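Input: a single structure, listed below in structure tokens.
The values are calculated or read from the model by the stated rules, or taken from the named source; none is laboratory data. Owing to the predicted nature of the structure, the values given are computational and were not obtained by experimental measurement. Positions of Cβ are backbone-derived with ideal geometry, glycine not excepted, and every protein chain shown enters the neighbour counts.
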Amino acid sequence: MATVRKTIIVTDKQDAWIKAQIAKGGYTNDSELIRELIRKEQGKQVDDDLSDERKAEITQFMEKHHETLQKLAQ
């Protein structure tokens, strides 16, 4: 996958938060954290784009197969 270098400006408070997330061990560097935040936001947009009917279908499927999905997740 090709990558593009970006330069961003954050406040001191935002920088401290980013550093704290890295220090907790969840991420190895700033870029990894920012990419994860972007992926999460992209996922929210996909959810927003789904029709109410499709969301209902997915919810019904999840409820119907809840036990099986839990076993698979283990």
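Could you check the range 1-59 and list, in sequence order, the residues that are farther than 30 Å from Leu69 by Cα and aromatic (Phe, Trp, Tyr)?
Within the range 1-59, Trp17 is the sole residue that qualifies.
Could you check, for the range 48-61, whether at least one of its residues is touching a Leu at 6+ places or on another chain (Cβ under 7 Å) and on the phi < 0 side of the Ramachandran plot?
The answer is no; no qualifying residue exists.
Is there a residue in the range 5-12 that is within 20 Å of the chain's Cα centre (by Cα) and part of a helix (DSSP H, G or I)?
Scanning the range 5-12 turns up no residue that is within 20 Å of the chain's Cα centre (by Cα) and part of a helix (DSSP H, G or I).
Which of the helices (runs of 4 or more DSSP H) contained wholly in the range 21-74 include at least 1 residues that are modelled with pLDDT of 80 or more and closer than 30 Å to Lys6 by Cβ?
Ranges flagged: 30-49.
Listed residues Ile18, Ile58, Ile38; which is under 17 Å from the mean Cα position of the chain (by Cα) and either touching a residue at least 40 places away in the same chain (Cβ under 8 Å) or surrounded by 11 or more Cβ atoms within 10 Å (Cβ to Cβ) (or both)?
Criteria check complete, one pass: Ile18.
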